[in-house]
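Since the structure comes first, as structure tokens, the remarks are kept for the end.
The values are calculated or read from the model by the stated rules, or taken from the named source; none is laboratory data. Quantities reported herein were computed from a predicted structural model and do not represent experimental measurements. Counting neighbours? That spans all protein chains shown, and the Cβs are built from the backbone with ideal geometry, glycine included. Heavy atoms of the whole protein, side chains included, go into the accessibility calculation; ligands, DNA and RNA do not. Shrake-Rupley method; radii C 1.70, N 1.55, O 1.52, S 1.80 Å.
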Amino acid sequence: MLPASVDEAVEALAATPGAVPVAGATDLMEAVNAGRLRPAALIGLGRITELRGWRYEDGGTAVLGAGLTHARMDRPDFAALIPALADAARTAGPPQVRNVGTLGGNLATAAATGDTLPVLAALEATATLARAGSTREVPVSHLLTGLDPLRPGELLTWVRVPLLHAPQVFLKSTGRSGPARATASVALVLDPARRAVRCAVGAVAPVPLRPLEAEAWVAGCIDWDARGEDGATTIDPAALAAFGEYVAGACIPDGALEGAGEGPSATAVRLRRTVAVLARRALGRALK
Ligand SMILES: Cc1cc2nc3c(=O)[nH]c(=O)nc-3n(C[C@H](O)[C@H](O)[C@H](O)COP(=O)(O)OP(=O)(O)OC[C@H]3O[C@@H](n4cnc5c(N)ncnc54)[C@H](O)[C@@H]3O)c2cc1C
């Protein structure tokens, strides 16, 4: 089935028990081929043009269509709007995947290595979920943690993102060169109006982690009014390094370093070091 509007798609989902939506099919075909998914029918979203773009809303919000492809989010007009999401989209697989893979598919799959997920968590984005006759809006973090999951027959239509007009960064470590899934990623956004730093760490746990205490601590270390000679917001370099360690320790606690009683697990130690470096670099770049 190839509906041409959101209304047609939700009606088709309601009318066909066991049907699932499909956008770029990059994750879906992997699941079908591996035998993890046997959909009774597919509802193709490719003809729903309204979901392929974005619009502005009063109150400084961008409303992003679930059908936005990674390649589209990487274009300069989008990158000027939500730079961290563009950075994440740029690294989400090889070009043939990014040309068809979508924001909605990334979010609905909710893989630990989903690159847009930490960005949406740091931005405190919300998602609109539609079914025939009703819609509901849930924080992306609730969607991902299972507090308020996507239900069978629901279509993810829009993602609401506050426009902060301030530096934001996404950094990803893959452990090899070329396109690959993240071993760890960090999204960091500055919110100068609230004098806040928001950070989310991806790929090290099933869902993105927010190191809230580290965020609050480092926001207090930043001189939000002073600008350095080069125009940068200032922070003590020691605080920058301490932030990296604080974030890494919060996301990979000491307990995780113990490998079945055999002392620190080398993998966990390496991962903690990687997260510390990514978090320090992300904040350093955001404050430049
Ligand atoms: C070789 C390869 C490399 C990849 N590398 C990366 C990577 O580095 N980083 C990364 O983040 N991802 C990566 N991916 C995963 C994938 O490309 C992304 O998750 C992509 O965003 C999925 O979007 P899609 O449109 O293809 O989703 P689909 O495959 O069409 O759908 C995926 C799931 O989401 C559901 N779905 C899709 N749209 C909706 C909607 N609007 N409402 C409700 N449910 C919906 C489908 O029913 C299905 O269960 C890779 C995939 C491949 C094959």
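Taking only pairs six or more apart or across chains, which ones have beta-carbon atoms under 6 Å, a first residue in region 21-34 that is closer than 13 Å to G67 by Cβ, and a second residue that is near the ligand (Cβ under 6 Å from one of its atoms) and not aliphatic (A, V, I, L, M)?
As it stands, the answer is A23/T102; A23/G104; A23/G105; G24/G101; G24/T102; G24/G105, since those pairs meet every condition given.
Which is under 20 Å from D7 (Cβ atoms), open to solvent by 30 Å² or more (accessible area, probe 1.4 Å) and either within 22 Å of the chain's Cα centre (by Cα) or not assigned by TED's automatic domain parsing to the domain that holds G114 (or both), of G53, G46, G60, G35? Steps first, please.
Values: G53 fails: open to solvent by 30 Å² or more (accessible area, probe 1.4 Å); G60 fails: under 20 Å from D7 (Cβ atoms); G35 fails: under 20 Å from D7 (Cβ atoms).
Only one candidate passes the filter, namely G46.
Here is a yes/no grid of residues against (1) crowded, with 17+ Cβ neighbours inside 10 Å; (2) among the acidic types (D, E):
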{"residue": "A184", "(1), (2)": "yes, no"}
{"residue": "D191", "(1), (2)": "yes, yes"}
{"residue": "C199", "(1), (2)": "yes, no"}
{"residue": "A216", "(1), (2)": "no, no"}
{"residue": "G220", "(1), (2)": "no, no"}
{"residue": "W224", "(1), (2)": "no, no"}
{"residue": "D236", "(1), (2)": "no, yes"}
{"residue": "A242", "(1), (2)": "yes, no"}
{"residue": "I252", "(1), (2)": "yes, no"}
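Condition test on T174, is it among the β-branched types (V, I, T) and surrounded by fewer than 20 Cβ atoms within 10 Å (Cβ to Cβ)? Please lay out each step first, then the result.
Details: among the β-branched types (V, I, T): yes; surrounded by fewer than 20 Cβ atoms within 10 Å (Cβ to Cβ): yes.
Considered against the rule, which asks whether it is among the β-branched types (V, I, T) and surrounded by fewer than 20 Cβ atoms within 10 Å (Cβ to Cβ), T174 comes out as yes.
Suppose we filter T102, T174, T116, T109 for residues that are assigned by TED's automatic domain parsing to the domain that holds A205 and within 12 Å of the ligand (Cβ to nearest atom); which single one remains? Spell out the reasoning first.
Values: T102 fails: assigned by TED's automatic domain parsing to the domain that holds A205; T116 fails: assigned by TED's automatic domain parsing to the domain that holds A205; T109 fails: assigned by TED's automatic domain parsing to the domain that holds A205.
It is T174.
Looking at region 64-99, which of the residues that are more than 14 Å from the ligand (Cβ to nearest atom) and among the aliphatic types (A, V, I, L, M) is surrounded by the most Cβ atoms within 10 Å (Cβ to Cβ)? I'd like the intermediate steps shown before the answer.
Initially, region 64-99 is screened for residues more than 14 Å from the ligand (Cβ to nearest atom), giving 75-83.
When the remaining residues are screened for being among the aliphatic types (A, V, I, L, M), the result is 79-82.
Values: A79: 16, A80: 9, L81: 17, I82: 25.
That would be I82.
Taking the conditions exactly as written (assigned by TED's automatic domain parsing to the domain that holds V218, in a strand (DSSP E or B) and not aromatic (F, W, Y)), does R181 satisfy them or not? Reasoning before the result, please.
Working: assigned by TED's automatic domain parsing to the domain that holds V218: yes; in a strand (DSSP E or B): no; not aromatic (F, W, Y): yes.
So R181 fails the test.
Looking only at strands (runs of 3 or more DSSP E) that lie completely in region 45-141, which have at least 1 residues being of a type outside the set (D, E) and free of Cβ contacts under 8 Å to residues at least 60 places away in the same chain?
Numbers: elements: 54-57, 61-65, 126-131, 134-139.
The strands (runs of 3 or more DSSP E) meeting that bar are 54-57, 126-131, 134-139.
Which of the residues that make up region 161-172 are under 11 Å from G60 (Cβ atoms) and either assigned to a strand (DSSP E or B) or of a type outside the set (A, V, I, L, M, F, W, C) (or both)? Explain how you work it out, then say what you get.
The first filter runs over region 161-172 and keeps only residues under 11 Å from G60 (Cβ atoms), leaving 161-165.
Once the filter is applied, which keeps residues that are under 11 Å from G60 (Cβ atoms) and either assigned to a strand (DSSP E or B) or of a type outside the set (A, V, I, L, M, F, W, C) (or both), region 161-172 yields V161, P162, H165.
Considering only residues that are open to solvent by 30 Å² or more (accessible area, probe 1.4 Å), assigned to a loop (DSSP other than H, G, I, E, B) and not acidic (D, E), which ones fall in region 142-160? Quick ask: steps written out before the conclusion?
Step one: of region 142-160, the residues open to solvent by 30 Å² or more (accessible area, probe 1.4 Å) are 142, 145-152, 158, 160.
Now narrow it down to the ones that are assigned to a loop (DSSP other than H, G, I, E, B): 146-152.
Hits for region 142-160 are G146, L147, P149, L150, R151, P152.
Would you mind stating whether V204 is under 15 Å from the mean Cα position of the chain (by Cα) and assigned to a strand (DSSP E or B)? Talk me through it step by step, then tell me what you get.
Working: under 15 Å from the mean Cα position of the chain (by Cα): yes; assigned to a strand (DSSP E or B): no.
Spelling it out, it is not the case that V204 is under 15 Å from the mean Cα position of the chain (by Cα) and assigned to a strand (DSSP E or B).
Scan region 43-56 and give yes if some residue there is among the aliphatic types (A, V, I, L, M), modelled with pLDDT of 95 or more and away from the ligand (no atom under 12 Å from the Cβ), otherwise no. Let's see the steps before the verdict.
So the first thing to find is which residues in region 43-56 are among the aliphatic types (A, V, I, L, M), and the list is 43, 45, 48, 51.
Within this subset, residues satisfying the condition of being modelled with pLDDT of 95 or more are 43, 45, 48, 51.
Keeping just the survivors that are away from the ligand (no atom under 12 Å from the Cβ) gives none.
The answer is no, given that none of the residues of region 43-56 is among the aliphatic types (A, V, I, L, M), modelled with pLDDT of 95 or more and away from the ligand (no atom under 12 Å from the Cβ).
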